[in-house]
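So the structure is just underneath, and the comments pick up after that.
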Amino acid sequence: MSTVSGSAEKVAVIVPAAGKGERLGPGAPKALRALGGSPLLVHAVRTLAAAPSVGLVMVAAPPDAAGVAEVQRLLADLPGDTRVVAGGASRQESVALALAALPAQYSMVLVHDAARALTPVDLVEAVAGAVRAGAPAVIPVLPVADTIKAVAGDLVTATVDRSSLRAVQTPQGFTRDLLAKAHAAADPHAPATDDAGLVEALGLPVRTVPGHAEAFKITTPFDLVLAEAVLRRRR
Ligand code: C5P
């Protein structure tokens, strides 16, 4: 295990939070929507900052001046080293911009969606631990409960074998060199929906670890209802 000053090496976490979140309906950017009285982003960053492996949280904010200022204001009172950069037009671009702004001392990076606001600390630690143990790319996954079919218009074209499918969550963890290489090779006109996809495009292996039901992405109004219920149970 590599060390910094005798303790386990810390990771930096990039939080893409620049999305509009249109599937949640009209209103503030998704990361700034309220859950239990605090924005989704604040829940996510609070958890990350509390994770023993995390040394820095770098948030990609909605790219306009108001978005950056608002995120700076929200994070000002949180513990730990949290910083803000302006995000981009796609999630991929937001991650690349945050990656470019990371201090040189960090050789391991996690990428975590702000919308996965209730992700437990244990999952953050599991992903960071797997990268620290030598896996260059790590993703949390869950088995798929539903039967999945391919369609063309309203017609089914195939039933996909569910046993080999996994739903993919964040945080995803990488060595910094690999994540930088994957983003440098990425096509800006066909942005990937996750960072591991860019590593796969290089033909390099991605390791999985067990995900967590509470790391679900808050995308629709129903997800917000679910998240409120999870939060109430925790409190
Ligand atoms: O749209 P989707 O749910 O896939 O977004 C995943 C994450 O990427 C969200 O946290 C969102 O804020 C972020 N994102 C971003 N920059 C964009 C679009 C999405 O940081 N331009």
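Laboratory data are not the source of any read-out in this text; all were calculated from the coordinates shown. Note that the coordinates shown come from a computational prediction; the quantities given were computed from them, not determined experimentally. Heads up, the Cβs are rebuilt from the backbone with ideal geometry, glycines too, and the neighbour counts pull from every protein chain shown.
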Would you mind ranking Val206, Val45, Val199 by Cβ crowding within 10 Å, fewest neighbours first? Val206, Val199, Val45
How would you rank His112, His183, going from fewest to most other Cβ atoms within 10 Å of each one's own Cβ? His183, His112
Nearest-20 debye value, the range 163-235 charge dipole, Cβ charges on Lys, Arg, Asp, Glu: 420 debye
What lysines could a cross-link reach from Lys217, if we take a straight Cα to Cα line under 19 Å and drop same-chain neighbours fewer than 8 places away? Lys20, Lys30
What residues have an amide H closer than 5 Å to that of Val209, excluding those fewer than 5 places away on the same chain, when H is modeled at 1.01 Å from N in the peptide plane? Ile139, Val141
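Quick one: net charge around Leu165, please, counting Lys, Arg +1 and Asp, Glu -1 for every other residue with C-beta under 14 Å from its C-beta.
Values: positive: Lys149, Arg162, Arg166; negative: Asp146, Asp161.
Around Leu165, the surrounding residues sum to +1.
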Starting with the fewest neighbours, write out His189, His43 ranked by other beta-carbon atoms found within 10 Å of each beta-carbon. His189, His43
List, in order, the whole-Hz ³J(HN,Hα) value for each residue of the range 120-126 obtained from phi through the Karplus relation with A = 6.51, B = -1.76, C = 1.60 and θ = phi - 60°; use x for Gly and Pro. x, 3, 4, 6, 4, 5, 5
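Placing +1 at every Lys and Arg Cβ and -1 at every Asp and Glu Cβ, with all other atoms neutral, what dipole size does the chain have around its Cα centre, in debye to the nearest 20? Each step should come with its number before you reach the end.
On the way: 22 positive and 21 negative charges, 92 e Å.
Computed about the Cα centre, the dipole is about 440 debye.
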So in the chain, what percent of DSSP beta bridges are antiparallel if you round to the nearest 5? 50 percent
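Could you work out the local net charge near Gly27, counting Lys and Arg as +1, Asp and Glu as -1, over the other residues with Cβ closer than 13 Å to its Cβ? Please list the in-between numbers first.
Values: positive: Lys20, Arg23, Lys30, Arg33; negative: Glu22.
Around Gly27, the charge tally is +3.
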Taking placed amide H atoms and a strict 5 Å upper bound, the residues 5 or more places from Val84 or on another chain that come that close are Val59
What are the residues whose amide H is under 5 Å from the amide H of Ile218, where those residues sit 5 or more places off or on another chain and H is modelled from the backbone? Arg116, Ala117
Using only the alpha carbons, work out the radius of gyration and Dmax of the range 11-234 in angstrom. 17.1, 52
Would you tally the net charge around Gly55, using a Cβ to Cβ cut-off of less than 13 Å, leaving Gly55 out, and scoring K and R as +1, D and E as -1? +2
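Determine the dipole magnitude for the range 50-125: charges of +1 sit on the beta-carbon of Lys and Arg, -1 on that of Asp and Glu, nothing else is charged, the reference point is the Cα centre, and the result goes in debye to the nearest 20.
Once rounded to the nearest 20, the dipole reads 100 debye.
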